[in-house]
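Shown next, in structure tokens, is the structure this report addresses.
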Amino acid sequence: MIYSPFRHIGSVFNKHNLIHLTFFLTKRCNASCPFCFYHSDIDSKDREQELSLNEIKKISRSMGNLLWLAFSGGEIFLRKDIVDITKVFYENNKPSIILFPTNGLLPEVIKAEIEKILKHCSRSTIALKLSIEGMEGIHEKIRGKGSFKKTIQTYESLKMLLDEYPNFELGVNTVFCADNQDGMAELIKFVSGLDGIKTHTVSLIRGDVLDDGLKKIDMQLYRKTVDLLASNLKNKQSSIYRFKGAKLKAAQDILQRNIICETVSSNKQQIPCYAGKLNIVLTESGDVYPCESFDMKLGNVRDSGYDIDNIISSEGAKKAINSIQEKGCFCTHECYLMTNILFNPSMYPSLIKEYLQL
Ligand code: SF4
């Protein structure tokens, strides 16, 4: 039986337990996408800074049960110990969902590693998201020559695992940017026709990216895109993940994208942010931040006995975390909006309204 996401319902009322960890496993990448905000090349010396498996074990032991463990990078499958790292968190933190975002450029490695993970972590939902930025021409303009076919090859080999492993979820993520905003309708149709793909998320470009021109987006096109994703869900033209609570997650996705539109048009925080209270970010070199804006370092695990609690309970960290509400900072980061919606009772009427239409 999968670890139920509803184990964390207490966090609706009590925001004292971290339930969502984003762990940047590596900065290294085998691509150099112009919209990336976290990157170094494949042979970079950054590798020497990466936390070892032993260090990761100590960090994981310092944390409680997780609802959501999201790996990030860099290309996460460049870490040769990704299976062992996942096992460590699985044993110590019993995550309900573990997210593996990947550019899909290493088909054999990804299939072999994810199958080992599926076998071992049978009580967690293993969600793998492939990056597809557009139809072949657009995708390769952004992610490099030959990348589209490789990612589709990865999809073909992973889809064979879906029947055997009911805890496996396969999805696609697209970064909405200036170079692909005109081709979204075609891409959404293409992805909804891919057998076994249960969710297609579209993330709005964010952060300090390599090519700032990609941030010149047309919000009307984004609005059209999110409306199309929502109507496809409501008309059952696109499917929903299989795990318990997936319909709630789909309702939250719709709500979240509406909030993003409002945030961008008003340049204001729309709902309270629980960064540092329910969510935390750990980098490959051990830095700890409340969120991916990376402008509020709380400490480094190597200086704090590998204990995340030591870091977030220091006076400095508490002050920084509390200042998030006072400052009312805002962003469009989808993963953080997820907890900000699901754990905020004032959002429930809107959430239920969306849920009932699915
Ligand atoms: S609103 Fe965004 S930038 Fe501000 S703390 Fe929350 S996640 Fe970070």
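Points to keep in mind about this one:
- Cβ-Cβ under 8 Å pairs, at least 6 apart or on other chains, the range 223-241 side on the phi > 0 side of the Ramachandran plot and at pLDDT 90 or above, far side aromatic (F, W, Y) and part of a helix (DSSP H, G or I): none
- One residue from Y289, Y348 being out of contact with any strand residue (DSSP E or B) (no Cβ under 8 Å at 6 or more places or on another chain), at pLDDT 95 or above and not hydrophobic (A, V, I, L, M, F, W, C): Y348
- Selected residue [touching a residue at least 40 places away in the same chain (Cβ under 8 Å) and not in a helix (DSSP H, G or I)] from L99, L130, L118: L130
- Only one entry in I217, I259 is at pLDDT 90 or above, assigned to a loop (DSSP other than H, G, I, E, B) and surrounded by 15 or more Cβ atoms within 10 Å (Cβ to Cβ), namely I217.
- Scope the range 153-172; condition more than 25 Å from Y90 (Cα to Cα) and without any contact (Cβ under 8 Å) to a residue 40 or more places away in the chain; matching residues: E156
- Test: residue in the range 175-189 that is out of contact with any Pro (no Cβ under 7 Å at 6 or more places or on another chain) and more than 22 Å from I152 (Cα to Cα): yes
- Odd one out for D253 among (1) away from the ligand (no atom under 16 Å from the Cβ); (2) surrounded by fewer than 19 Cβ atoms within 10 Å (Cβ to Cβ): (2)
- The set of residues in the range 275-286 that are within 14 Å of the ligand (Cβ to nearest atom) and either over 16 Å from the mean Cα position of the chain (by Cα) or over 17 Å from H20 (Cβ atoms) (or both) comprises G276, K277.
- For beta carbons closer than 9 Å, sequence separation of 6+ or different chains, a first residue in the range 252-278 that is free of Cβ contacts under 8 Å to residues at least 24 places away in the same chain and a second that is within 11 Å of the ligand (Cβ to nearest atom), the qualifying pairs are E262/K268; E262/Q270; S266/F330.
- Filter pass, E262 being over 25 Å from G73 (Cβ atoms) and either among the acidic types (D, E) or near the ligand (Cβ under 9 Å from one of its atoms) (or both): yes
- Set K216, K247, K319: member being farther than 26 Å from Y38 by Cα and more than 16 Å from the ligand (Cβ to nearest atom): K247
- The single residue among Y336, Y289, Y306 that is near the ligand (Cβ under 10 Å from one of its atoms) and farther than 22 Å from I259 by Cα turns out to be Y289.
- Selected residue [assigned to a helix (DSSP H, G or I), crowded, with 22+ Cβ neighbours inside 10 Å and not β-branched (V, I, T)] from F148, F89: F89
- Scan the range 34-86 for residues that are without any contact (Cβ under 8 Å) to a residue 40 or more places away in the chain, over 20 Å from A127 (Cβ atoms), surrounded by 15 or more Cβ atoms within 10 Å (Cβ to Cβ) and touching a strand residue (DSSP E or B) at 6+ places or on another chain (Cβ under 9 Å) and the total you get is 4.
- Unmet criterion (only one of (1) part of a helix (DSSP H, G or I); (2) of a type in the set (A, V, I, L, M, F, W, C); (3) touching a helix residue (DSSP H, G or I) at 6+ places or on another chain (Cβ under 8 Å); (4) farther than 23 Å from P34 by Cβ) for F77: (4)
- Qualifying positions in the range 306-325 - more than 26 Å from the chain's Cα centre (by Cα) and in contact (Cβ under 8 Å) with a residue 12 or more places away in the chain: S314, G316
The values are calculated or read from the model by the stated rules, or taken from the named source; none is laboratory data. This is a predicted model, so every value here is computed, not measured. Positions of Cβ are backbone-derived with ideal geometry, glycine not excepted, and every protein chain shown enters the neighbour counts.
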